[in-house]
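The values are calculated or read from the model by the stated rules, or taken from the named source; none is laboratory data. Just so it is clear, the model here is predicted, and its values are computed rather than measured. No Cβ is skipped: glycine too gets one built from the backbone with ideal geometry, and neighbour counts run over all protein chains shown.
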Amino acid sequence: MKEVRFSIDIYATKEIVWNTLWQDHTFRQWAGIIDPGTYMEGSLKEGAEVQFISSVNGYGVTSLVEKLVKGEFLLLRHHADTQESGKQAREEQWTGGREIYSLTEKDDNTILTVVFDVPTELEAEFNRSYPRALEQVKALAEEKHR
């Protein structure tokens, strides 16, 4: 796997950015840019499992919420690739990878930084789609901030 990193400045509070990332309605809007129809099942609680599943193809990943500081930091550890809407295991493409979201406030902005491990064969796709997804997070959060 290859580590990739993206960062974006957003004119909104950490709370607004955090909620934009993880509330179902807005999550679907930005995550769907990366993988159409993506939704999350489970709750973001340290030690809990969550699943990120594409309603289009039924593929997903099950992740452990390894560390959570609400409104500031989330570390997910991917431990199972799935199919059939999260019900059946498939190849281990994402297994062992991590995904980190961190938010820091600077002046009137929040800097959102995302660092994650991506399978080498998907790196180019994520380098195309993830910046667009973060632009969507920015637009949604700044709209709420007004």
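A few notes on this one:
- Of all residues in the range 32-60 being in contact with a Gly (Cβ under 9 Å, 6 or more places away or on another chain) and among the hydrophobic types (A, V, I, L, M, F, W, C), the one that is farthest from V137 (Cα to Cα): A48
- Condition met for S54 (hydroxyl-bearing (S, T, Y) and touching a Ser or Thr at 6+ places or on another chain (Cβ under 9 Å)): yes
- If you go through the range 91-128 and keep only what is at pLDDT below 85 and within 21 Å of G32 (Cβ to Cβ), you end up with Q93, W94, G97, P119, L122.
- Any hit, the range 14-29, residues being part of a strand (DSSP E or B), surrounded by 14 or more Cβ atoms within 10 Å (Cβ to Cβ) and either among the aromatic types (F, W, Y) or in contact (Cβ under 8 Å) with a residue 24 or more places away in the chain (or both): no
- Residue check, K14 charged (D, E, K, R), modelled with pLDDT of 95 or more and farther than 23 Å from P131 by Cβ: no
- Answer residue from the range 46-64, given it is in contact with a strand residue (DSSP E or B) (Cβ under 6 Å, 6 or more places away or on another chain) and over 24 Å from R128 (Cα atoms) and is surrounded by the most Cβ atoms within 10 Å (Cβ to Cβ) among those: V50
- Pairs meeting the criteria (first residue in the range 119-146 and on the phi > 0 side of the Ramachandran plot, second residue of a type in the set (K, R), beta carbons under 9 Å, at least 6 apart or on different chains) are lacking.
- Leading residue by the ranking (modelled with the highest pLDDT) among those in the range 30-43 that are in a loop (DSSP other than H, G, I, E, B) and touching a strand residue (DSSP E or B) at 6+ places or on another chain (Cβ under 6 Å): G37
- Test for V61: is it of a type in the set (V, I, T), closer than 19 Å to G96 by Cα and not in a helix (DSSP H, G or I): yes
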